[in-house]
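Working notes for the structure below.
Just so it is clear, none of the values below were taken in a lab; they were calculated from the coordinates. What you see is a predicted model, and the numbers here were worked out from it, not measured in a lab. Ideal geometry is used to build each Cβ from the backbone, glycine not excepted, and the neighbour counts take in all protein chains shown.
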Amino acid sequence: MKKLWIVRHAKSSWSDYSLPDHDRPLNKRGKRDAPFMAKHIAENHTRPELLLSSTANRAYTTCLNFKDALGLDEDSVVKVPELYHASIATCLDIIKNIDEKYDVAAIFGHNPTFTYLIHELTAEGPDNHPTCGCALISSDVNRWKHFTEGNCEISKYLFPKQFFKNG
């Protein structure tokens with residue numbers, strides 16, 4: 001069985017409009033949510049062994065929070081430039097090329113692609129994958145190249161507002 005966490009970056013800041021989109025950092029809520037969700041998954045759910053991240057600051061910072069909470073080393077984190085402004089097809093190619101030694105991986109990136117990716121893989125899911133939303137997609141396959149639409153399901157769906165009722 002292969003499992004994939006699809007994690008949208010935590011809430012980002014728009015306070016400095018001179019920054020390119022790629023360089024935007026997390027805002028106060030994002031700095032709260034990323035470590036919280038990472039710790040929650042590390043302590044209560046299926047733990048990813050490999051983290052693939054967009055190179056955008058907000059996604060990579062979210063990813064590093066997960067690395068730390070999971071106690072993973074630097075070799076477990078891979079920056080994937082193609083995840084920034086990725087299409088669904090690009091995401092599927094990245095997933096299908098995950099090293100077979102990993103049974104559980106996580107990708108960190110952006111909307112609207114991640115919302116569409118969840119729907120593509122499972123034919124269900126949210127109308128909008130929220131910031132720091134974490135969808136665990138499972139498939140009863142032995143190879144990542146077979147992790148495709150039609151054989152995947154949402155096993156777990158978590159997002160910060162489940163835990164922080166006031167935002």
| So for the pair Lys31, Glu74, with labels modelled 7 Å out along Cα→Cβ, what separation do we get in nm? | 2.5 nm
| task | Work out Dmax and Rg for segment 38-149 from the C-alpha atoms and quote the Rg first, both in angstrom. | result | 13.1, 34
| Want the number for Asp127 to Asp16: 0.36 nm per residue separation, take away the alpha-carbon distance, what's left? | 37.1 nm
| note | Beyond 21 Å, the calculated P(r) of segment 1-66 holds a percent of Cα-Cα pairs equal to 25 percent
| said: Would any residue of segment 31-75 have its amide N under 20 Å from a label point 7 Å out along Cα→Cβ of Ser87? List them or say none. | reply: 54-55
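Figure the gain on full extension for Lys145 and Asp23 (residue separation times 0.36 nm, minus the Cα-Cα span) and round it to one decimal in nm.
On the way: separation 122, 0.36 × 122 = 43.92 nm, distance 3.20 nm.
Gain in length upon complete extension: 40.7 nm.
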| Where nothing but the Cβ of Lys and Arg (+1) and of Asp and Glu (-1) is charged, how large is the charge dipole of the chain around its Cα centre, in debye to the nearest 20? | 640 debye
| field | Unit charges at the beta carbon, dipole of the chain: most positive-side option, Phe163, Val141, Pro126 | value | Phe163
| query | What lysines could a cross-link reach from Lys28, if we take a straight Cα to Cα line under 30 Å and drop same-chain neighbours fewer than 8 places away? | reply | Lys11, Lys39, Lys67, Lys79, Lys156, Lys161, Lys165
| remark: Per the rule of 0.36 nm per residue minus the C-alpha distance, extending Glu49 to Asn97 adds in nm 15.8 nm
